[in-house]
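The values are calculated or read from the model by the stated rules, or taken from the named source; none is laboratory data. Just so it is clear, the model here is predicted, and its values are computed rather than measured. Cβ placement follows ideal geometry from the backbone for every residue including glycine, while neighbour counts extend to all protein chains displayed.
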Amino acid sequence: MRKKLVAGNWKMNKNLQEGIELTSEIINMVRDEVIGNVEVVICPPFIALSSLINLTQGQKNIKIGAQNCHQELSGAYTGEVSAAMLKSIGCQWTILGHSERRQYFGETNQLLAQKVNTALSQSLKVMYCCGETLEQRNNNEHFNIIENQVSEGLFHLSAEVMKNMVIAYEPVWAIGTGVTASTEQAQEIHAFIRDLLVEKYGNETAQSLRILYGGSVKPDNAVELFSQKDIDGGLIGGAALQSRSFTEIVKAAQ
C-alpha cells in the first residue's frame, strides 16, 4: 500500500508570523484528529522554512518543503535559492515544475530535469508537477503534454532514484479557478501516468511511486478523489492556507 501524502503549497502567501501560527494550528489539529498514517508536507515561502522546520522537529508525519530550487548548487544567481541551502537548514522536500513556474518563469522540461538532478544530489525528495492547460485539453493534446512533461523531466532517472520522487498531476485549468476535474478525469490521468511508469520502470517501481492530484482539492471533494485507485493524496493550494480546511483534507486521506 502506498502511504497517502497531503502537501500544502502556500505559494506567495503568509508572512513569517502568520506561517508560524498556521503551522502550529495544523500540528495540533493533526495530532488530535488524524488517526490514520498520512504523510503531511507544508511548503511555505522561503523566508519561513527555517522557522517551520524548527517548529516541526519531532513531528513524525509533518515535514517542511520548499516550493522551488535553482538548478545550480551555488553561483552568481541573485535572488535564487539552491538545493544545498535548503538541505543545510533541514529541508526535506521541494516542489519542482509547478505550472506557475512553467507559465510565469518559462521553466521547461529540460530545465526541470536539471533541477531534479540537483535536488536529488542533496538528498531532497521531489514533488514533480505536470499538467495541461484548458486549451491543450480541448485540443485533445493532454495525454501528449503529460507524457512529454513526465518523460523529459524524469525518465533519465534510475528506478532506484525514482523512489525519492512524487509526481503531482495538476490540471492548469483547475488551479485556483474553483473548477475541479471530475473524479473520472483525475483518475484517468493518474492511471495514464502510472502506465507510463510501468512501461519505463516496470510494475514494482510504478506501483510504489505516489501520484498526487493538485487541482482545487477541498474538504468536500477530497474523500472521493483520494478513494481512486491511482490517486495517492493531494498537492493543496488555497485550502492549505486555513488550518481547518487543510486538516479536513488530511483526514480525508486516512
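Reported count of residues in the stretch 1-33, each being within 19 Å of Leu235 (Cβ to Cβ), loosely packed, with under 15 Cβ neighbours inside 10 Å and touching a residue at least 40 places away in the same chain (Cβ under 8 Å), is 2.
Looking only at residues of the stretch 187-237 that are in a loop (DSSP other than H, G, I, E, B), in contact (Cβ under 8 Å) with a residue 60 or more places away in the chain and touching a His at 6+ places or on another chain (Cβ under 9 Å), we find that the one that is nearest to Leu96 (Cα to Cα) is Gly214.
Listed here are the residues, each with its yes/no results for (1) in a loop (DSSP other than H, G, I, E, B); (2) touching a residue at least 60 places away in the same chain (Cβ under 8 Å).
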{"position": "Ile35", "(1), (2)": "yes, yes"}
{"position": "Val41", "(1), (2)": "no, yes"}
{"position": "Ala48", "(1), (2)": "no, no"}
{"position": "Ser51", "(1), (2)": "no, no"}
{"position": "Asn54", "(1), (2)": "no, no"}
{"position": "Gly58", "(1), (2)": "yes, no"}
{"position": "His70", "(1), (2)": "yes, no"}
{"position": "Val81", "(1), (2)": "yes, no"}
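Among the numbered conditions (1) more than 20 Å from Met85 (Cβ to Cβ); (2) at pLDDT 95 or above; (3) surrounded by 14 or more Cβ atoms within 10 Å (Cβ to Cβ), the only one that Val41 does not meet is (1). Taking the conditions (1) assigned to a loop (DSSP other than H, G, I, E, B); (2) polar (S, T, N, Q); (3) surrounded by fewer than 15 Cβ atoms within 10 Å (Cβ to Cβ) in turn, Gln103 satisfies each one other than (1).
Among the residues of the stretch 83-96, those that are among the hydrophobic types (A, V, I, L, M, F, W, C), in contact with a Gly (Cβ under 9 Å, 6 or more places away or on another chain) and not in a strand (DSSP E or B) comprise Leu86, Cys91. Beta carbons closer than 9 Å, at least 6 apart along the sequence or on distinct chains, pair a first residue in the stretch 146-162 that is touching a residue at least 12 places away in the same chain (Cβ under 8 Å) and part of a helix (DSSP H, G or I) with a second that is among the acidic types (Asp, Glu) and surrounded by 14 or more Cβ atoms within 10 Å (Cβ to Cβ) for Ile146/Glu132; Gln149/Glu132. Considering the stretch 121-160, and only residues there that are among the β-branched types (Val, Ile, Thr) and at pLDDT 95 or above, the residue that is surrounded by the fewest Cβ atoms within 10 Å (Cβ to Cβ) turns out to be Ile145. Candidates in the stretch 210-233 are the residues that are hydroxyl-bearing (Ser, Thr, Tyr) and farther than 15 Å from Arg194 by Cα; of these, the one that is surrounded by the most Cβ atoms within 10 Å (Cβ to Cβ) is Ser216.
Across the stretch 174-186, which residue is nearest to the chain's Cα centre (by Cα) among those that are of a type outside the set (A, V, I, L, M) and not in a helix (DSSP H, G or I)?
First, pick out the residues of the stretch 174-186 that are of a type outside the set (A, V, I, L, M): 176-178, 180, 182-185.
The next check asks that each one be not in a helix (DSSP H, G or I); those that pass are 176-178, 180, 182.
Numbers: Gly176: 15, Thr177: 18, Gly178: 19, Thr180: 17, Ser182: 20 Å.
Among those residues, the one meeting the criterion is Gly176.
From the list Lys87, Lys63, exactly one residue is buried (at least 17 other Cβ atoms within 10 Å of the Cβ), at pLDDT 95 or above and more than 15 Å from the chain's Cα centre (by Cα). Which is it? If you could, list the steps in order and put the result at the bottom.
Numbers: Lys63 fails: more than 15 Å from the chain's Cα centre (by Cα).
Checking each option against the conditions leaves just Lys87.
In the stretch 170-209, the residue that is surrounded by the fewest Cβ atoms within 10 Å (Cβ to Cβ) out of those that are hydroxyl-bearing (Ser, Thr, Tyr) and under 13 Å from Lys229 (Cα atoms) is Ser208.
Residues checked against (1) within 17 Å of Gln59 (Cβ to Cβ); (2) touching a Gly at 6+ places or on another chain (Cβ under 9 Å); (3) of a type in the set (D, E, K, R):
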| site | (1), (2), (3) |
| --- | --- |
| Lys3 | yes, yes, yes |
| Leu16 | no, no, no |
| Ser24 | yes, no, no |
| Ile27 | yes, no, no |
| Val30 | yes, no, no |
| Gly36 | yes, no, no |
